Amino acid sequence: MKTRVMRSAARRLVGLGGFMSCLACAANQARPPVPPHGLPDRLREQYPLEALVAGRSGSARVEFAVGADGQLEILRVLSSSEPAFGTACGRMLAGSAWAPALDAAGKPTHRRARFECRFEAKGRLVPPLPAAKPSTPEIPTGVDVRLHSVIGPATASEVRVVLSNTPAPDWIACMGEDAPKQTSLHRLLLRADKCGRIAELHWVDPAPAALDGCVRQVMERVLLPAKRGPSLIALSFQFVVAESAAAAAASGEAHAP
């Protein structure tokens, strides 16, 4: 139930649509190319992350061709409100399977067409600021990792399992010397491709460079084996450093030669 609620809330944040027009379609043509089911979901998964974080809407028009065998070829981006929206529209179409157009005799035929993608951000799909955690002297450093939303075939339960199986010491060890020396928050949107590999990371808050690699390692454990992509996932990382540990780190830096 929680997974369905999370997906529903994410969809309300992002409204999407698309229009198709066929080029050189004769009046007696039996059928233009037919788009696959689920295009709105595919478009939602390809929303440009930077625009999504900023809450910006946009659109793009792409010309493509569908062969008699149903293979789709992107020809060009005709227009876009921002280059990223044109790229996202083409990426969505390139990964889709269409039914070919039919000629007057009912036989599959090659046909060019245009598709307009409309991206509408009804809110910001950004992880909220978690409540501040108090420092705990008996635990020098801790990490609170939270999953906020998932859009795509990956499920919230799958992502939570892999996050719960990665304790704070593992995150800290993965980052090594780049682990934060003071309490800090880092919010993240990531996109996985159709194979489950992390294709794009967008940090809402500046984060240590080493955290990029650690996130890729951990998230691909659940996404790669099941090929759970393409998916959009929103996470937050809160590093909690005890006051005594932070003071010791600051003192060590101050006395470093």
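Electrostatic bookkeeping for GLY176 treats Lys and Arg as +1 and Asp and Glu as -1; over the other residues with beta carbon under 15 Å from its beta carbon, the sum is -3.
For ALA30, put the label point 7 Å out on the Cα→Cβ axis and report which residues of region 102-124 keep their amide N under 19 Å from it. Under cut-off, by backbone N: 102-112.
Taking 1 over the mean of 1/r across every pair of different Cα atoms in region 44-113, what Kirkwood radius in Å do you get?
13.2 Å
Extension gain for ALA68-ARG216 works out to 49.4 nm (0.36 nm per residue, less the C-alpha to C-alpha distance).
In order along region 190-207, the phi-based Karplus estimate (6.51 cos²θ - 1.76 cosθ + 1.60, θ = phi - 60°) of 3J(HN,Hα) comes to 10, 10, 9, 7, 5, 8, x, 7, 6, 8, 7, 10, 10, 8, 6, 10, x, 9 Hz; Gly and Pro are listed as x.
Once amide H atoms are built 1.01 Å from N in the peptide plane, which residues 5 or more positions from VAL204, or in another chain, come under 5 Å H to H? Close amide H contacts, sequence-distant or interchain: ARG187, LEU188, LEU189. Packing around the peptides 108-117, 183-192, taken as the average count of other Cβ atoms within 10 Å per residue, puts them in this order, highest first: 183-192, 108-117. Once backbone amide H atoms are built at 1.01 Å from N, GLU82 has SER59 as its partners under 5 Å, excluding neighbours fewer than 5 places away on the same chain. Were the residues from ARG197 through ARG146 laid out at 0.36 nm apart, the gain over their Cα-Cα distance would be 16.3 nm. Here the dipole of region 141-254 is about 580 debye; that uses its Cα centre as origin and unit charges on the Cβ of Lys and Arg (positive) and Asp and Glu (negative). Across region 85-118, the residues whose backbone nitrogen lies under 15 Å from the label position 7 Å along the beta-carbon direction of HIS37 are 97-99. With a Cα-only, solvent-free Debye model of region 141-254, what are the log10 I(q)/I(0) values at q = 0.15, 0.17, 0.22 Å⁻¹? Those come out to -0.63, -0.78, -1.21, one per q.
The value obtained for region 75-123, namely the Cα convex hull volume divided by the number of residues, is 108 Å³ per residue.
FYI, it's all coordinate maths here, none of it is from the lab. Since the model is a prediction, treat every value here as computed from it, not as a measurement. A quick note on method: Cβ atoms are made from the backbone with ideal geometry, for glycine too, and the neighbour counts reach across all protein chains shown.
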